Ligand SMILES: Cc1ncc(COP(=O)(O)O)c(C=O)c1O
């Protein structure tokens, strides 16, 4: 007998602002798989799920989270969104698009942690943020980001707005619901998936998927390649957010031993290019015609390639790479590729 999982009922009850059809295509990465097999590696069946193509202004994983976050903001009578992140935050760009599409004002508090070049400072996501009508507040690397967010909220209130703060990366128990739904989508797609591989930053995508698979009693495992913090801090963040997300849906509990993360592809730090990332972005572009980004999916693919080269998968395993987007960031990293 098939029963509708309790968590799906919970999702349909939540306030939600729809941003189009978010269901994303899954297709095999056959040419990449063949190229790796030709180099003598034991290669699993490789698939990709194209969340880079869904939703808001250039695509990416934040649209799924923002449907629940903006739904909550509108239900509370908000008139403005405020969020924060790095200069080239994809989350900020998609929040600006969500605000524009919902008739809300938007302030983005962007911290300059990396000193790169004029393309990093003015192209890619920042250019799109401005185009989407967001107000940008720049914060120096040594300033406190949450103080700057408080000031942005106060300034909007003085102007008569009712601001709603979207957390960094859209990662809280409301935003993660978007990826609980994605877990349902993967299970319902009928594609044989044993493991989902993704970039783990602020953790909401990873936590949402893990909560969704746990709520569904699915055997699909999740492996996150760290792009923001080291393995220990990432594991803690994913475990805590998964527990919080799952608690809204069911009385099942996350088994901490199922939180799998690897930080060997992070390199010197968040947003800093690595040789492995450059190779991964080029290889996927040139075998599959698929663009990855330099900060998230490029490093996650570098991690996946390393696992394959180390023989860590069986040929029978079906590995689904979640493409979480970020392509506008490529235009801010041109010099890293030259
Ligand atoms: C393109 C892209 N991929 C992956 C991530 C990581 O997702 P999360 O922050 O939910 O871990 C982000 C977050 O900003 C992103 O922009």
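The listed residues are 71, 133, 85, 40, and the only one of them that is outside any helix (DSSP H, G or I) and not assigned by TED's automatic domain parsing to the domain that holds residue 163 turns out to be 40. The set of residues in the stretch 280-334 being under 16 Å from the mean Cα position of the chain (by Cα) and away from the ligand (no atom under 14 Å from the Cβ) consists of 320 alone. For residue 146, state whether it is out of contact with any helix residue (DSSP H, G or I) (no Cβ under 7 Å at 6 or more places or on another chain) and either closer than 26 Å to residue 68 by Cβ or not in a loop (DSSP other than H, G, I, E, B) (or both). Yes; evaluated as a whole, the condition is true for this residue.
Yes or no, residue by residue, for (1) touching a helix residue (DSSP H, G or I) at 6+ places or on another chain (Cβ under 8 Å); (2) crowded, with 16+ Cβ neighbours inside 10 Å:
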residue: 274; (1), (2): yes, yes
residue: 279; (1), (2): yes, no
residue: 288; (1), (2): yes, yes
residue: 294; (1), (2): yes, yes
residue: 297; (1), (2): yes, yes
residue: 300; (1), (2): no, yes
residue: 305; (1), (2): yes, yes
residue: 312; (1), (2): no, no
residue: 315; (1), (2): no, no
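Scanning the stretch 65-80 turns up one or more residues that are surrounded by fewer than 24 Cβ atoms within 10 Å (Cβ to Cβ), modelled with pLDDT of 95 or more and in contact with a helix residue (DSSP H, G or I) (Cβ under 6 Å, 6 or more places away or on another chain). Out of everything in the stretch 88-116 that is assigned to a helix (DSSP H, G or I) and more than 10 Å from the ligand (Cβ to nearest atom), what residue ends up being nearest to the chain's Cα centre (by Cα)? Once the filter is applied, the top-ranked residue is 95.
Quick check on my filter: what residues within the stretch 248-268 are more than 15 Å from the ligand (Cβ to nearest atom) and either without any contact (Cβ under 8 Å) to a residue 60 or more places away in the chain or over 15 Å from residue 210 (Cβ atoms) (or both)? If the condition is that a residue be more than 15 Å from the ligand (Cβ to nearest atom) and either without any contact (Cβ under 8 Å) to a residue 60 or more places away in the chain or over 15 Å from residue 210 (Cβ atoms) (or both), then 251, 252, 253, 254, 255, 256, 257, 258, 264, 267, 268 are the ones that fit.
The rows are residues; the columns are (1) under 27 Å from residue 99 (Cα atoms); (2) near the ligand (Cβ under 10 Å from one of its atoms); (3) more than 15 Å from the chain's Cα centre (by Cα); (4) outside the structural domain of residue 89 (by TED's automatic domain parsing).
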| site | (1), (2), (3), (4) |
| --- | --- |
| 181 | yes, no, no, yes |
| 186 | no, no, yes, yes |
| 190 | no, no, yes, yes |
| 200 | yes, yes, no, yes |
| 213 | no, no, yes, yes |
| 216 | no, no, yes, yes |
| 223 | no, no, no, yes |
| 228 | yes, yes, no, yes |
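The values are calculated or read from the model by the stated rules, or taken from the named source; none is laboratory data. These numbers were taken from a predicted model, which means no experiment stands behind them. Please note: Cβ atoms are built from the backbone with ideal geometry, for glycine as well, and neighbour counts cover all protein chains shown.
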